[in-house]
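Every number in this text was worked out from the coordinates using simple rules, so none of it is lab data. Just so it is clear, the model here is predicted, and its values are computed rather than measured. Quick reminder, even Gly has a Cβ in these numbers, built from the backbone with ideal geometry, and neighbours come from all protein chains shown.
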């Protein structure tokens, strides 16, 4: 098996300016300028279709330099060198906008196209809500756990509110609209996902790599910065499920009774009930004496 | 809380959207306590968002949902109209009589919240039976409150006289092109109806049209529009007008609503005037 050099990129995380300058400038060695070796792939099988392939100094090897990029999509999540997550947020908003356009186009088609004209569709909010939930909402929720900055989360929340309002043609109080449609605010969903992730890592099978890494991290957790995902997971558990902040404490009845493969789903159900209470308090604070669901 | 509100799960119900808008505080002119969400006016304190209908009669009351739906003399009639329906609904669901509910409970019920007595197994019946009634109530309340709003600013006769004298002072007539004079009477309404064959009578007539930036331009009606999809500002075009000044022609929506009856030079843009050849 050979890596495809065209599809392989390189990106240096958390690289300081000094290190990058040192990497990009030659250094003097024995009176000669020696350039640092670029990132490359060594292969024993020359790829004649790739013009970047060149013979290596060692016979029988071919070296293909890799392209260094400023951002890259890894499993759908757009990463940047300093992990500011700004490109990731922009990517989420771009995908959500496309989904929003799709939902509006389908809505328009259902209402006005001749072969299935139904002008009363706009009067049925549940149809539009289901359409929006399938086209737009998943983009906001998929990578929400990796967004650590509160301002970025607020920007995503504003985009979500705007998209939901324009889809349903309801321009009232955004928080009340979220409550009516059963869509929790993103910060609550983020806490739920982080708590769920900690459950998944802690109760993963002992022979897996993720369990090994998780156990390896445990003694070091008190030394890691506050914005790391491990710390944020622990904080989220303290917020939504204070009773189980110690992962070894006994789990709720429905989680214990569930099958092994369903334990995480049961724990998520339990967390949703906890988050509902938290969301209700949030609504009572945000909408003083609201007319809606509370 | 992770599911939509019960009334939203009804598959198809008229005025369901109206109920959603009322509950999400969109229709701010219905419930005065929601007025703080109006972006045009400065935000008032909650206790100052009083009911305007009661304020006109010298009473200062907070205009919240309970007051507007149950107490306000100007609007509580809507609930009286629906009392029989809600009474029947309470009987169907084995609830206490609707009249025995407190105003707070009535408000919650008519806005689509199931009373605590409705158990989980009865929720489906509640959704199917209560949602149409609550939605219809929301629509009726909306229409009733809208009908109470003043349509135009009421002016006294003295004010009208002042306004008319002011407007006469500022009046400046249109400078007409040579050889033309305003038509003695505006055109008949029927000839201006889009797609109407009677519009053929207007072909060849001269008009003055007030374009933004360019001002009053002389034009000649060259054709009637026959395409219902040809629209300008969501209105079906009725005529194509040729403008000899720049040799262009374009679609126009000529109606009596934007006819310049006063021959006023300062009339708004997109107004027009029918011309006829002046007699020597």
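Taking the Cβ-Cβ separation of residue B:105 and residue A:9 as r and a Förster radius of 45 Å, what is the calculated FRET efficiency to the nearest 0.05? Mind dumping the intermediate values first?
On the way: r = 63 Å, r/R0 = 1.40.
It comes out at approximately 0.10.
Out of A:190, A:253, A:154, any idea which swings most in a Gaussian network model of chain A, alpha carbons joined below 10 Å?
In the Gaussian network model the winner is A:253.
With the contact rule set at Cα under 8 Å and sequence spacing of 6 or more, what percent relative contact order holds for chain A?
Reported relative contact order: 11 percent.
Run the numbers on the stretch B:6-148 and let me know its relative contact order in percent, using alpha-carbon pairs under 8 Å that are six or more apart.
Value for the stretch B:6-148: 32 percent.
Can you pull the mean other chain C-beta count within 10 Å for peptide B:5-13?
If you average over the peptide's residues, the count of other-chain Cβ atoms is 4.
Taking one equal scatterer on every alpha-carbon of the stretch A:190-278, how large is log10 of I(q)/I(0) by Debye at q = 0.13 1/Å?
-0.42
Work out the mean other chain Cβ neighbour count within 10 Å for the residues of B:109-116 and drop it here as an integer. Mind showing how you got there, number by number?
Numbers: counts 0, 0, 3, 4, 4, 0, 0, 0.
What the average comes to for B:109-116 is 1.
Using a Gaussian network model of chain A with C-alpha springs under 10 Å, which one of A:134, A:33, A:148 is most mobile by mean-square fluctuation?
A:33
Which number do you get for Rg(Cα) / (2.2 N^0.38 Å) in chain A?
On the way: Rg = 25.3 Å, N = 294, 2.2 N^0.38 = 19.1 Å.
Against the empirical 2.2 N^0.38 Å value, I get 1.32 for chain A.
I need the shape label for the protein assembly as shown. Rule: rounded when a/c is under 1.5, else prolate if a/b > b/c, else oblate, with a, b, c from the alpha carbon gyration tensor.
The shape class here is oblate.
Report Rg (one decimal) and Dmax (nearest whole number) for the stretch B:175-277, counting Cα atoms only, units Å.
Gyration radius and largest Cα-Cα distance of the stretch B:175-277: 12.7, 37 Å.
Kindly provide the helix-only [θ] at 222 nm of chain A, computed as the sum of -39,500 (n - 2.57) over DSSP H runs of four or more divided by all residues, to the nearest 500 deg cm²/dmol?
My calculation for chain A gives -15500 deg cm²/dmol from helical runs alone.
Which whole number gives the average count of other chain Cβ atoms within 10 Å of the Cβ atoms across peptide A:125-135?
That average works out to 3.
Calculate the FRET efficiency for residue A:24 and residue B:193 from the Cβ-Cβ distance with a Förster distance of 51 Å, rounded to the nearest 0.05.
Efficiency computed from Cβ-Cβ geometry: 0.10.
I'd like to know how the stretch A:142-294 sits against the 2.2 N^0.38 Å rule of thumb: what's its Cα Rg over that expected value?
Against the empirical 2.2 N^0.38 Å value, I get 1.17 for the stretch A:142-294.
Below 8 Å, C-alpha to C-alpha, sequence gap of six or more: please give me the relative contact order for chain B in percent. Intermediate results must be reported in sequence, preceding the final value.
Details: 377 pairs, mean separation 41.3, N = 280.
Worked out over chain B, it gives 15 percent.
Write down the Kirkwood hydrodynamic radius of the stretch B:6-148, to one decimal in angstroms, obtained as one divided by the mean of 1/r over all alpha carbon pairs. Show your work: numbers first, answer last.
Numbers: mean 1/r = 0.0634 Å⁻¹.
About 15.8 Å, per the Kirkwood formula over Cα pairs.
Taking the inverse of the average 1/r across all pairs of different Cα atoms in chain B, what Kirkwood radius in Å do you get?
24.0
Once the Cβ-Cβ distance between residue B:226 and residue B:29 is put in as r, and R0 is 45 Å, what FRET efficiency do you end up with, to the nearest 0.05?
0.60
Starting from one equal scatterer on each C-alpha and no solvent at all, send me the Debye-based log10 I(q)/I(0) for the stretch A:77-183 at q = 0.10 Å⁻¹, two decimals.
For the stretch A:77-183, the Cα-only Debye profile gives -0.32.
How much length is gained if the chain between residue A:281 and residue A:101 is pulled fully straight, taking 0.36 nm per residue apart and subtracting their Cα-Cα distance, in nm to one decimal?
Length gained between residue A:281 and residue A:101: 61.4 nm.
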